[in-house]
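Engineer: Quick one: structure below, then a few questions.
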Amino acid sequence: MKKSTISALAVLSGIVICSLAFTMSKHEQTKNNDTTVQQPTPATLIKDKPYKCSDFDPKTGGLKGWTADMGIGPAIPEQLLPKDCSALQQ
């Protein structure tokens, strides 16, 4: 083989190796970014036993841990609500 052909093959091999390394590193970054933080689902926040006053946020009057993106909140039966709770007085 000519020296120029060997040089061209070496350059092409280097490009292929660099491309593969870049692709693999991008795949690892994407795979690592796909992990999400598990937030409690609305169903896990609703319970069927009586609530305590400490379960409610005094600023919002809603359940602690309930965020706006979860919706307006659960309809809690009156018998499960705590009596004389200042967090619910609004």
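The values are calculated or read from the model by the stated rules, or taken from the named source; none is laboratory data. Not measured: the values here are computed from a predicted model. All accessible areas refer to the heavy atoms of the entire protein, side chains included, with ligands and DNA or RNA removed. Shrake-Rupley method; radii C 1.70, N 1.55, O 1.52, S 1.80 Å.
Engineer: Would you pull out the residues with amide H under 5 Å of PHE56's amide H, same chain only if 5 or more places away, H placed 1.01 Å from N?
Structural biologist: Distant-sequence amide H within range of PHE56: LYS64.
Engineer: So, one more: Which three extents, in whole angstrom, do the alpha-carbon atoms of region 47-89 cover along their principal axes, largest first?
Structural biologist: Projected onto its principal axes, the Cα set of region 47-89 covers 28, 22, 13 Å.
Engineer: Sticking with this structure for a sec: How many percent of the accessible area of region 47-89 is carbon or sulfur, using a 1.4 Å probe? Don't skip to the answer; put the middle values down first.
Structural biologist: On the way: 1700 of 3170 Å².
The value for region 47-89 is 54 percent carbon and sulfur by accessible area.
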